[in-house]
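Reviewing the structure listed below.
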Amino acid sequence: MSTRRQTIKTLLISGIAAVVGPFIRASARNSEQTIGADGSVSADMAPAPKTALVVVDPYNDFMSEDGGAWLLVRLVAEDNGLVENLRHLVQVARRTGTTVAFAPHHRYREGSHSERTFPAPAQLQQIGSQAFATGEFGGEYVSGLEPQEDDIVSSEHSCSSGFAETNLHEQLQSRDITHLIVGGCISNTCIEATVRSGVDLGYHVTVVSDGIAAFSPVGHELALNESFPLVAHRVLTSVEAIKELEG
């Protein structure tokens, strides 16, 4: 083989290794194996990843039949079994010692978003509808999804991402959390924004496909089939996520 061809071959192999290597190492971390400098896999067990179940906006306005936005969410929520799936996930997480974290939306109060020079459409909608009003039924956590003493409850996000301008990241980091399982509302707004932020911050992020819901089947399906496969590390059903938590 000529020197030129040998050089090209070496560069190609190095390039493939550079691209594939991180995926191999990531797989090894997920399976709790250790990759040596020479690429060998040792039998030593790496520290298990620390997981948090993150529930976004589990308010009565979204998830209760008497909630102000229930009629908008109902079709997808009932089709997915949203509330029961989330309740089951939270129960299993607590039983298995998995951190449960709540990422609540800003609760409407007099003057909400008045500090914004350019309020987002969602913020204008909240002003008009007074969604998740402070001290009102709609702004309370839906039955079965109330935070408990050992749970994380972040400060309220004012628009979409559960991480933006909140202390969610700091609280997760204080518990050395590396992996997130995300559910709640709304699939193509707050859930998608929270997932994107989580990935940007370095978390391994899983979305629960039947633990989320949107205002329309089209919006939900677009998020599920177009956005999440490009952003999240995994999309699992609640049954699959529960098996992992229990396993």
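The values are calculated or read from the model by the stated rules, or taken from the named source; none is laboratory data. Worth saying up front: this structure is predicted, and the values here are computed from it rather than measured. Cβ atoms come from the backbone with ideal geometry, glycine included; neighbour counts cover every protein chain shown. Surface areas here come from the heavy atoms of the whole protein model, side chains and all, with no ligands, DNA or RNA. Shrake-Rupley method; radii C 1.70, N 1.55, O 1.52, S 1.80 Å.
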With DNA, RNA and ligands ignored, accessible area of residue 243 (1.4 Å probe; Å², nearest 10): 140
Mind listing the phi-derived Karplus ³J(HN,Hα) values for the range 79-91, rounded to whole Hz, using 6.51, -1.76 and 1.60 with θ = phi - 60°, and x for any glycine or proline? 4, 7, x, 3, 5, 5, 5, 5, 4, 5, 4, 5, 4
Can you tell me, using C-alpha contacts under 8 Å and at least 6 residues apart, the relative contact order of the range 164-206 as a whole percent? 43
SASA check, residue 84, accessible area w/ 1.4 Å probe, all protein chains in place, rounded to nearest 10 Å², comes out at 110
For the residue pair residue 117 and residue 173, what label-to-label distance in nm results when each label sits 7 Å from Cα along the Cα-to-beta-carbon direction? 2.8
How far is the Cα center of the range 193-247 from the Cα center of the range 71-145, in Å? 17
Residues of the range 144-230: accessible area per residue at 1.4 Å, in Å²? 41
³J(HN,Hα), Karplus 6.51/-1.76/1.60, whole Hz, each residue of the range 182-193, x for Gly, Pro: 10, x, x, 9, 9, 3, 9, 10, 5, 5, 4, 5
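Ordering 99, 237 by accessible area with a probe of 1.4 Å, largest first, what comes out?
Numbers: 99 20, 237 50 Å².
If we order 99, 237 from most to least accessible, we get 237, 99.
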Short version: ³J(HN,Hα) in whole Hz for each residue of the range 57-72, in order, from phi by Karplus 6.51 cos²θ - 1.76 cosθ + 1.60 (θ = phi - 60°), x for Gly and Pro, what are they? 6, x, 8, 4, 4, 8, 10, 9, 4, 9, x, x, 9, 4, 4, 6
Quick query: amide H of residue 101 versus all other amide H atoms, modeled in the peptide plane; which residues come in under 5 Å with a sequence gap of 5 or more or a different chain? 53, 54, 55, 152
Fraction of accessible area attributable to carbon and sulfur, the range 155-207 (%, probe 1.4 Å): 48
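Per residue, how much accessible surface does the range 84-124 expose to a 1.4 Å probe? Answer in Å², no decimals.
Working: 2160 Å² over 41 residues.
Here the residues of the range 84-124 average 53 Å² of exposed surface.
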Would you work out what percent of the accessible area of the range 72-136, with all protein chains in place, is carbon or sulfur (probe 1.4 Å)? 51
Keeping every protein chain in place, order 222, 53 by accessible area at 1.4 Å, biggest value first, i.e. largest first. 222, 53
Which part of the range 167-186 falls in the paramagnetic zone of residue 84, meaning amide N under 20 Å from the point 7 Å along Cα-to-beta-carbon? 183-185
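Sort 196, 234 by heavy-atom solvent-accessible area, probe 1.4 angstrom, most to least. Don't skip to the answer; put the middle values down first.
Values: 196 110, 234 75 Å².
Largest accessible area first, the residues go 196, 234.
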If you count, for each residue, the other Cβ atoms within 10 Å and average over each peptide, how do 178-187, 103-112 line up from highest to lowest? 178-187, 103-112
Sequence-distant residues sharing a close amide H with residue 50 (under 5 Å, placed H): 178, 179
